[in-house]
Amino acid sequence: MSYADLSGSDFLRALNEENRRFVEAAERSGLAAEVVACPGWTVADLVFHMVKVQNMFYGMLTTPDATSPKDLPRIERGADGEALLAQFRKGATRLEAMLGAVADDTPVWTFTGGDVAQWVKRRQAQEVLVHRFDAETAGGAVAPADPVLCADGIDEMLHVFLPRMSMEKLSMQGSVHFHCTDTDGEWMLTPVDGQVVVTREHGKGTVALRGPAQLLLQVLWRRTNVDDALARGAEMFGDRAALDALLAGLVV
């Protein structure tokens, strides 16, 4: 299966699985452990961040008159420890059930200004996937993830988040090509008139980074660096400076 073939039900299955793995990682690492990718955060802070994200999307999808997160009631943090993990589990179960009852093509609020329910199912699966990486890194090594889901995460980053980033901070010193080696997925990023044009295609960029989808996803979300990715099996061709310039400007 290609990432382009993923459906809302696929994202819901991934959300359920990654929610479970997130809790296991938090318990294994310990709530007091520091989260390297989120300076100043402990795993407990990471768990509560996920609680707030769950609450925001549940509220936005069930509150007809809400037009932004500011319209929703604040959620209070449970005590660190099992109470906080229980708060996460409760929110995850509630959100999964609600999303499971919503058709993929149902119009919904999103922070992009509006989309359909499948967008939210995808976003929630990808959100907890990356933060599962964070919880695992706090205590040791990151476990493998589904390559197809990771390729979809790359596509989401490049088509949903990259266009929302400041072009003043996003430095492009040439075209950049990303190529998954364990599943379908290739993207060309080309600077055009002060913007970044992203196309899903093979091409020859100023620089190319190819490797397992999970490694490329971690690089794009700044959960690992290029040197680590190269040491773990990725390959780079061309001008390293062009890749470093792009990654330095990604605000995640």
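The values are calculated or read from the model by the stated rules, or taken from the named source; none is laboratory data. Computed from a predicted structure; not experimentally measured. Neighbour counts are summed over all protein chains in view; Cβ atoms, including those assigned to glycine, are modelled from backbone coordinates with ideal geometry.
Figure legend. Inter-residue proximity from the range 133-149: first residues more than 17 Å from Val47 (Cβ to Cβ), second residues among the hydroxyl-bearing types (Ser, Thr, Tyr) and surrounded by 22 or more Cβ atoms within 10 Å (Cβ to Cβ), beta-carbon distance below 7 Å, spacing 6+ or different chains. Indicated pairs: Val148/Tyr3. Taking the range 174-252 and the strands (runs of 3 or more DSSP E) fully enclosed by it, the elements with 1 or more residues that are over 22 Å from Asp5 (Cα atoms), assigned by TED's automatic domain parsing to the domain that holds Asp155 and of a type in the set (Asp, Glu) are at 235-238.
Only residues that are within 13 Å of Ser175 (Cβ to Cβ) and of a type in the set (A, V, I, L, M, F, W, C) were counted in the range 185-240, giving 11. No other residue among Ala79, Ala117, Ala103 is of a type in the set (Gly, Ala, Ser), surrounded by 19 or more Cβ atoms within 10 Å (Cβ to Cβ) and more than 24 Å from Ala37 (Cβ to Cβ) apart from Ala117. Checked against (1) out of contact with any helix residue (DSSP H, G or I) (no Cβ under 6 Å at 6 or more places or on another chain); (2) closer than 27 Å to Arg232 by Cβ, Gly113 passes all but a single condition, namely (2). The one condition from (1) under 20 Å from the mean Cα position of the chain (by Cα); (2) surrounded by 20 or more Cβ atoms within 10 Å (Cβ to Cβ) that Ala141 does not meet is (2).
Among the residues in the range 185-204, are any more than 20 Å from Glu156 (Cβ to Cβ) and of a type in the set (S, T, N, Q)? No: the range 185-204 contains no residue that is more than 20 Å from Glu156 (Cβ to Cβ) and of a type in the set (S, T, N, Q). When you go through Thr112, Thr137 one by one, which is the residue that is more than 22 Å from Arg20 (Cβ to Cβ) and among the polar types (S, T, N, Q)? Criteria check complete, one pass: Thr112.
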